[in-house]
Amino acid sequence: MSEVSGAPMRCGFVALIGAPNAGKSTLLNALVGAKVAIVTHKVQTTRTRVTGIGMHENTQLVFIDTPGIFAPKRRLDRAMVSAAWKGSEDAETTLLLIDAKKGLNEEAQHIVDGLKSAKRRAILAINKIDTVRREKLLALASQMHETGVFDDIFMISALTGDGVADLKAHLSALAPEGPFMYPEDQIADVTLRLLAAEITREKIYLRLHDELPYATTVETEKWEERKDGSVRIEQVIHVERDSQKGIVIGKHGSMLKILGQLAREDMQENFDRKVHLFLHVRVTERWAEDRTVYQDMGLDYVD
């Protein structure tokens with residue numbers, strides 16, 4: 001591609017880090033301008049490093065959306081936290097997102113300390129500013145500035161879009177000169193198979209968040225391109241116990257039917273094509289210990 005308005009092409013990698021439920025996936029979707037990461041009100045829903053790709057004038061920004069950084073307990077937790085810190089290391093710019101209501105709590109302090117020990121500078125985005133009074137926001141910004149870690153501080157609402165354009169413009173200005181890494185119309189580096197699995201997993205969280213906190217994962221087993229341009233997708237919903245299988249299926253298959261309809265409609269909108277979706281539920285007691293599950297999610301198997 002030729003230079004835009006005489007300006008040189010730029011391409012920058014930005015790692016998006018933060019505590020669980022700080023709003024990273026919502027911000028990623030806002031920066032990209034399309035849905036590339038699942039968004040739920042449950043914490044720790046981002047398991048993989050989703051790469052979203054956004055354009056701003058002559059600049060391509062490659063966003064690495066990392067799992068929330070928290071105190072890990074299980075093997076899956078450790079793999080997610082490891083991926084988050086690796087995402088920060090892989091990027092030229094690190095963007096820390098914190099929840100304005102929670103402020104510099106224990107989780108946010110843990111990340112700030114990690115940045116300090118790694119001698120990494122970062123840009124801070126204080127999110128959900130529409131939920132906090134101005135005086136509290138200013139006090140929080142001052143407190144975060146005093147940590148000495150941040151070059152710039154932005155106040156945003158990823159949900160409403162307030163301040164997001166200014167943040168994106170700033171990130172673009174920081175990007176180094178160089179060719180684009182991806183085609184201009186590409187919005188994500190995740191495979192469609194993985195995105196389809198993430199969409200179904202989102203619907204499970206949204207409908208069954210009380211009954212199935214984190215006991216499930218989704219695997220796209222078959223992806224068949226059809227001559228009429230549609231796609232046939234077969235997915236397996238893995239649960240850990242028979243009782244959970246019953247919850248996902250529902251009475252006379254009612255819940256599975258609802259989940260399938262919601263996921264199919266979302267996929268058709270995202271993939272811009274007709275989708276034939278078939279869901280199966282399987283009890284896999286120790287799915288969170290299976291190396292192949294980690295490979296499918298793009299995570300390292302952490303001992």
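Where a number appears in this text, it was derived from the coordinates with a stated rule and is not lab data. This is a predicted model, so every value here is computed, not measured. Quick reminder, even Gly has a Cβ in these numbers, built from the backbone with ideal geometry, and neighbours come from all protein chains shown.
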In nanometres, what is the gap between the two model label sites at R133 and E106, each 7 Å from Cα along Cα-to-Cβ?
-> 2.7
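What length, rounded to one decimal in nm, is gained on full extension from D242 through to I258, with 0.36 nm per residue of separation minus their alpha-carbon distance? Could the numbers behind the result be given before it?
Details: separation 16, 0.36 × 16 = 5.76 nm, distance 1.98 nm.
Length gained, D242 through I258: 3.8 nm.
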Can you give the extra length, in nm with one decimal, that the chain gains between H276 and L174 once fully stretched, where that is 0.36 nm per residue apart less the Cα-Cα distance?
-> 32.4 nm
Listed here are the pairs K136/K168; K24/K222; K24/K136; K24/K227; K24/K116; K128/K257; which of them are more than 27 Å apart at the Cα?
-> K24/K222; K24/K227; K128/K257
Between Q143 and A34, how many nm apart are label points set 7 Å from Cα along the C-beta direction?
-> 3.9
To the nearest 0.05, how large is the calculated FRET efficiency for D228 and L206 if R₀ is 35 Å and r is the Cβ-Cβ distance?
-> 0.70
